[in-house]
Structure formats: structure tokens, C-alpha cells
Amino acid sequence: MSTEVSTAIAVSGLRKEYDGGILAVDGVDLEVAAGEVYALLGHNGAGKSTTVEILEGHRTRTAGSVAVLGLDPAREGRALRDRIGIVLQSSGIEPSLTVREAVEIYGSCYSTRRPVAEAIELAGLADQADQRVGSLSGGQQRRVDFALGIVGRPEVLFLDEPTTGFDPAARRSAWEVVSGLGAGGTTVLLTTHYLEEAEHLADRVGVLAHGRMVAEGTPAELIGSRGGAVVSFALPDGVEPAELDGVVPRDARIAGRQVDIATATPTADLARLTAWAVGRGVELDGLRVHQPTLEDVFLELAGEREVAR
Amino acid sequence: MSAARLVVVQVRYQLKVFMRSPVAVFFTVMFPVLMLVLMNALFAGDADIEGPGGEAWPVQQFYVGGLSAFAAVSATFTNLANVVPVRRDDGILKRWRSTPLPAWACIAGYVGSATIVAAVGVALTWGLGVAFYDITIDVAKLPVAVLTFVLAVGSFAALGLAVASLIRTAESAPAVANAIILPLGFVSSVFVPTADPPAWMAFLGDAFPLKPFAETFQDVFNPFVDPPAFVAHRLIRIAAWGVVGVAIALWRFRWEPHRTSGAPGRRRGRGRGRQAPATTSG
Ligand SMILES: Nc1ncnc2c1ncn2[C@@H]1O[C@H](COP(=O)(O)OP(=O)(O)OP(=O)(O)O)[C@@H](O)[C@H]1O
Ligand SMILES: [Mg+2]
């Protein structure tokens, strides 16, 4: 009984194989407590949307058990959808409706609902309420999706890349709203490519790679679990990445001119690197040693998977 | 919310969206009206058509009947076959699938609003006929006309949904819908009276549901047909096609856009994503 109340989402052994043999989700276990904000991270095609849409009842699963608010989305979809809010990665709204009309019409089929004005306000669309959806900017249209997601006072809110296309200020205010919903007891399952977003919002984070959960924990735990530090610098002009062989560890990340070395021995690595740079007669722009961020952890995890394959 | 209220909200919403699309309004409602005006202007001076029993039958009466049936068909079949794939491709159907709205209520919104538009189309063409083309409506034939209208609207709406379900992308929808309905209009004696059609044309007309619908409406204005103008096999043919439409729609209707085959990123492990690091190894 008590577990039923405190667990909003329970997933075990979830697998999804699409037609054509694509294994999008490969044995995922996931538990999200009521009131928790949980962020799913992962590369493009990792299986985030597939997982989330199975929980929403949009897709069928190949195997595994799923319960959202104690309901099976595959069999009790309608009862479930009355109690959850969904912001899909991509969906549409009739462009000729105004924001207010859309929120009214879509909101009308929920048994409990938020006042239209409140949903519009929370989505940050008060000034656009009477504009046609089709005339809004991309980021503003995304906020309409958000307004429709929360208009039914959901107990569980699914957000699939909700802030893609938001300007930085809009993103921060969206975070505030989501945190507010979380504080008010709403369970939130979100996916994002903004590691900062996960770090800021999520009580817990799960990292998917190729359909498997490769790491899970609070942002602090994930960062802590890797330990060490990151040494970063910009590759000087005229220096080929190959020249760094033997100077930096083999698992250093080079993206463009940016080099990041995640390391447990920053002092030794730094000494080797600076000695090389002095000997070569180059200056290392932006050289610094810092705490790993969630992004560093994420990139490292993705890298491990890459090597493992 | 009660079921009736859900449907009312959906129908009103669909009508609102329809009314805000001038192109859709023009093609579904104004096009048949325009055809009626044009056909009458072109052929009104011509000799009367030969009626079923060899009687002289003024062409105006023929056109009002046929084109009002065509108006109902374009409001239901053509309209839904066009609009539903667009809504599906735009992710609007999936958006609705994310709410607790029952599927039947969503469909009822489409069919209900199309029925209202069809009724408006029929009222317009009949009104035009009475006002300008010397048409008299025999009240004793109205019950059969109404019954046929209800049945036909349901069947053609179902067929529109069926075609919408079979069409893979919205871009092809107008072409497919028109490729079906325009030739059908010709073999069904909607645009041109064919007193003595070739056998294959008569066969096609008889095989599909537009001709029985148009004939019933033409009979309403035909003074040589006695009330109540009830012909059972016409209604049966219309209804049978409705059953086919419902079956196909139930079998194939989809809420999500089709994934275009061969789209990038389809295969597992392809395109490792924008976060994928380059390593110095190797
Ligand atoms: N309807 C579908 N049919 C076939 N394959 C699919 C379908 N949807 C997704 N896939 C495949 O399943 C895998 C996982 O896709 P999914 O959309 O879940 O990834 P994602 O983690 O959400 O990625 P992104 O960050 O790009 O949104 C991909 O390889 C994708 O090509
Ligand atoms: Mg996705």
C-alpha cells in the first residue's frame, strides 16, 4: 500500500523493439517517487522518447512491466491520461486557434483542470493569449505545448525536451515553473539535452545509452562518483591533435579545438601538459582545472559506451 | 463531462478551425455552388433531358439534385480525406491522443462538423435552385431525401476517414481525394446528364455510392417521379459502402505521423549524437 502511494512511476525490464529489429530500449528499470523530478539524459536515439512514450501510452512495449500511478498505460490509457500531463517532443496545435482557445479546448476534456488564464500565465504566454498559435515564434509555440501539458493539473508530468528552442531567460522561467510544480507534489519525468537543466531541476538523473540505463543518481552523486577533476584548454593554432599523443591520457576528449581531460590525477597530468607546452613554445589558452560538471560525466559515460562497442 | 458535451465541444472546435481556413471553405462549400451556377449558365437553354419514362425533364432540376449531393460529398468525403492526414502529419491527432479525450469523441467531432457543413452545402444549392432555377421541392419526397442524406453523409464521412487512413502523407491527400471523386462525379451523372451511358460507365456508377445518392436527390425535383421516391437498393448501396469505410478506418486509422521510410537515424547506432566525443585514441 505505502509503496503504491509513494511510487509514481515503476518500470522494470522494459524493452522495445521496433519493426525492422531496431532495439530502442533494452532492459530499462526505473522508479520515480511521487513528487520527484527525474531527468532522463542520453544521446540522440538513446531511447528517451521511446521510453517516455511507452509510459504515456503512446507506444506499445515489447516486454517488461510498467505502472504509472498504479495504472498500465497500455491497458488503462484513458484513465491514466486524465491524471497525467504530456509535452511531446514534437506535436502540433491548429495554427488558426488562439492560445486561449487552444488551452480552453484541449483543457476541456480533463476532469480536473487549471483555470485557463493560470495555465497561460504559468507558461509565460500572458501577452500572447489572444494571438493565433500559428503566428507565434518557435519558442512561444513550445510554451503553448507546455500550457496544454499542465492545464489538466497532472499528478505526473512528462516533458520530452521541453525547453528546446527557448531563449535563456525563458528556459530559466520554465525551470522555475517546473520546480514549483515539483515542490507542489507533481511528479516530473523530463528528458533533456541540456545538462545544466538536469543539474538545476532534477532530484535524480538517469543516463540512457543505446537503450540501457548506464548511470543513475542525484546530480551530486553522479558527479561525485567520477571523482577527480577536469583539465581543460584550447588546442593552440598550428598544433595537430596527434601531437598530444602521450602528453594527455588516451581518453581525453577533443571537440574542435577544445580539449577536456577528466582525470583522477590532475596534478600529474597538468605537469606533463605544461612541460610539453613550454618545451613546444606554445601558450595554452583557457587552461584551467575544474570540478567535473554533469556534462563531463555524461560525455565520459557516452565515451565509455563508444569504446565498449 | 458528459459524452454529449464532449462531442459538442469537438464539433464546435472543428467548425471554428474549418471556418478559419478560407481555402477549405471555398472548395467544400462554394465550389459545388459555383458548379451549379456555371452548369446552369452553360446548359440551361439546352433541350430538356429525357426522363426515366421518356418525359421531358428540365436540366436545372437535374443539376440542383446532383450538385447538392456532390456538395454533401465534398463536405464529408473530400474534406475529411484532405484534412485528417494534415492533422495527423502535423502531430495534432497525437496531441489529442495525449489527452483523456476518447477516440470516438474526436472522430465524432470530425464527422459531426462535416455533417453540418454538408447540410449547409445542400441548403445553399437547394435554396439557389428555388430562388433562381425554378425548382419546386415536393414536400412528400423530403422524408426519403433526409433519410438518404443522413445515410450518405455517414457513409461518405466513413469513406473519407478510410482514404485518410490509407494515405501516407498529407501532400498526396488532395490529389488522391480528387482523383477519386471527380471521375466518380462524371460516371455518376452528377456533372453531365448521361441518358444512355456506355455499359462500363453505367457499371461504375452503379458500383459506387455517389450515383444512388445523386439519383435520390434528383428524384426529389423530378415531377415524373411519384412520392415518396423511396428506392431501397439505393440506400442499401450507400450503406454498404459506409460499412466498407468504417472497416478500413478501424483497421488502418493512425494517430501518429507515418515515419518516412529510410529516414536518417532510423537504424540503431547510426549517428552517435551531438554529444558524442572525439577521442584521441586510435
Ligand atoms: N516509430 C519508430 N519506428 C522505428 N524506429 C524508431 C521509431 N521511433 C524511434 N525509433 C528508433 O529508436 C531509437 C530510439 O529513438 P528515440 O526517439 O527513443 O530516441 P531519443 O533518445 O528520444 O533521441 P533524441 O534525443 O534524438 O530525441 C532510434 O534508433 C530511432 O531511430
Ligand atoms: Mg527524443
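Bear in mind that the values in this text are calculations on the coordinates, not laboratory data. Treat the numbers as computed from the prediction; the structure is a model and nothing was measured. Heads up, the Cβs are rebuilt from the backbone with ideal geometry, glycines too, and the neighbour counts pull from every protein chain shown.
The table that follows gives values for the structure above.
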| quantity | calculated |
| --- | --- |
| Kirkwood estimate for the range A:228-291, i.e. one over the average of 1/r between Cα atoms, Å | 11.6 |
| For residues of A:213-222, the mean tally of beta carbons on other chains within 10 Å | 0 |
| Sequence-distant residues sharing a close amide H with A:Val214 (under 5 Å, placed H) | A:Val207, A:Leu208, A:Ala209 |
| Helix-only mean residue ellipticity at 222 nm for the protein assembly as shown, each DSSP H run of n ≥ 4 adding -39500 (n - 2.57), per residue, nearest 500 | -15000 deg cm²/dmol |
| Kirkwood Rh and Cα Rg combined as Rg/Rh, the range A:94-152 | 0.93 |
| Helical segments meeting 27 Å axial Cα length and Kyte-Doolittle -1.0 threshold in chain B (DSSP H) | B:103-132, B:142-166, B:232-252 |
| 10 Å Cβ neighbours from other chains, averaged over peptide A:87-97 | 6 |
| Relative contact order for chain A, counting Cα pairs under 8 Å that sit 6 or more residues apart, in percent | 19 |
| Shielding by partners - mean other protein chain Cβ count within 10 Å, residues of A:248-255 | 4 |
| Long-range HN-HN contacts of A:Leu190 with modeled amide H, under 5 Å | A:Tyr38, A:Ala39, A:Leu40, A:Leu159 |
| Ascending count of other beta-carbon atoms within 10 Å, so fewest first, for B:His233, A:His193 | B:His233, A:His193 |
| Where N is the number of residues in the protein assembly as shown, Cα Rg divided by 2.2 N^0.38 Å | 1.27 |
| Shape parameters for the range B:3-272, alpha-carbon atoms, Rg then Dmax in Å | 20.1, 77 |
| Most to least packed among B:180-190, A:277-287, B:150-160 [average Cβ atoms within 10 Å] | B:150-160, B:180-190, A:277-287 |
| Peptide ranges A:16-25, A:120-129 listed from the most packed, as the mean C-beta count within 10 angstrom indicates | A:120-129, A:16-25 |
| Percent RCO, i.e. relative contact order, over the range B:3-272, from Cα pairs under 8 Å lying at least 6 residues apart | 28 |
| Burial ordering of A:Ser135, A:Ser108, B:Ser2, fewest other beta-carbon atoms within 10 Å first | B:Ser2, A:Ser135, A:Ser108 |
